[in-house]
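Structure, as structure tokens:
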Amino acid sequence: MKITTSREKTFDIQFIGALLRNGNRLMIELKDERPVCEIAADFDGLETITKTDALKPGVKEVFEGFTQLVGIQRNKGNGTVLLTLEKGDAA
């Protein structure tokens with residue numbers, strides 16, 4: 001799976017999905033060895049995230065409104081980073 005952000009950056013990911021009990025939160029897991037501050041800069045303040053999957057050619061899933069990066073956690077064991085984004089306040 002891949003995601004492309006509204007900043008036109010593309011990332012290979014393991015998982016993306018909104019939480020069932022709190023639909024205002026979006027979780028993304030990806031392999032990324034960069035410093036946490038660089039990763040955070042790529043994901044905080046996004047307008048949209050578009051997911052594509054080679055197993056579903058031609059299908060795009062768009063996640064909108066998850067503008068605030070509220071959590072970032074590194075798993076050194078498998079080299080992944082877990083990001084938590086929340087929908088921003090409607091102004």
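The values are calculated or read from the model by the stated rules, or taken from the named source; none is laboratory data. Remember, it's a predicted structure, so these values are computed and weren't measured experimentally. Ligands, DNA and RNA are stripped out before the accessible areas are found, and what is left, the full protein with its side chains, is counted by its heavy atoms. Shrake-Rupley method; radii C 1.70, N 1.55, O 1.52, S 1.80 Å.
Normalised by the empirical 2.2 N^0.38 Å for globular proteins, what value does the Cα Rg of the chain take?
Against the empirical 2.2 N^0.38 Å value, I get 1.04 for the chain.
If you count only protein heavy atoms and use a 1.4 Å probe, how large is the accessible surface of THR10, to the nearest 10 Å²?
Roll a 1.4 Å probe over it and THR10 shows about 80 Å².
Percent of Cα-Cα pairs per 5 Å bin, from 0 to the last occupied bin, for the stretch 46-91, please list those.
5, 17, 17, 18, 19, 17, 5, 1, 0
At a Cα cut-off below 18 Å, give the lysines reachable from LYS9, other chains included and same-chain residues fewer than 8 away excluded.
Excluding near neighbours in sequence, the set is LYS31, LYS51, LYS60.
Sorted from largest down, give the three principal axis spans of the alpha carbons of the stretch 16-56, whole angstrom values.
Extents along the principal axes, in whole Å: 29, 27, 18.
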